[in-house]
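Below is one structure, written out as structure tokens; comments come after it.
Values quoted throughout were computed directly from the atomic coordinates according to the rules given, and no laboratory measurement underlies them. Since we're looking at a predicted model, the values are computed, not measured. Positions of Cβ are generated from backbone atoms using ideal geometry, with glycine treated the same way; all protein chains shown enter the neighbour counts.
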Amino acid sequence: MRIDKFLNAVNIVKRRAIATEMLDEGVVFVNGKKAKKSKEIKIDDIIEIKYLNGSKKYKVLKLPESKTIPKSKKDEYVKEIK
């Protein structure tokens, strides 16, 4: 699954357009490398998003099979790392 779709599907960002913009700005990293929109996400990848006031890291646990998942099931797909 492409990273822009993944970020939206698992409710890390609200809209895919926001995910695309973040990727274009270069604030999203996968396994320590700057990610492009077309980057394919795999289980166990580490996604880091650098915000102005810090960063958040997520470990991919599972890939969604549908376009979106319920917010209550987010923890099944990603785990926030400190």
Using only alpha carbons, build the gyration tensor for region 18-61 and give me the equivalent ellipsoid semi-axes, biggest first, whole Å. 16, 13, 8
Distant alpha-carbon pairs in the chain (separation over 14 angstrom), percent: 58
From DSSP H assignment alone, runs of 4+ in the chain each adding -39500 (n - 2.57), the sum over residues rounded to the nearest 500 puts [θ] at 222 nm at -6500 deg cm²/dmol
Order these peptides, 9-17, 35-43, by their mean beta-carbon neighbour count within 10 angstrom, highest first. 9-17, 35-43
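Where Lys and Arg each count +1 and Asp and Glu each count -1, what net charge lies around VAL30 among other residues with Cβ under 12 Å from its Cβ? Numbers along the way, then the final one.
On the way: positive: ARG2, LYS33, LYS34, LYS36, LYS37, LYS39, LYS42, LYS57, LYS59; negative: ASP4, GLU40, ASP44, ASP45, GLU48.
Charge balance near VAL30 sits at +4.
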For region 66-75, what does the Karplus curve 6.51 cos²θ - 1.76 cosθ + 1.60, with θ = phi - 60°, yield as ³J(HN,Hα) per residue in whole Hz, taken in order and with x for Gly and Pro? 10, 5, 9, 10, x, 4, 5, 9, 4, 5
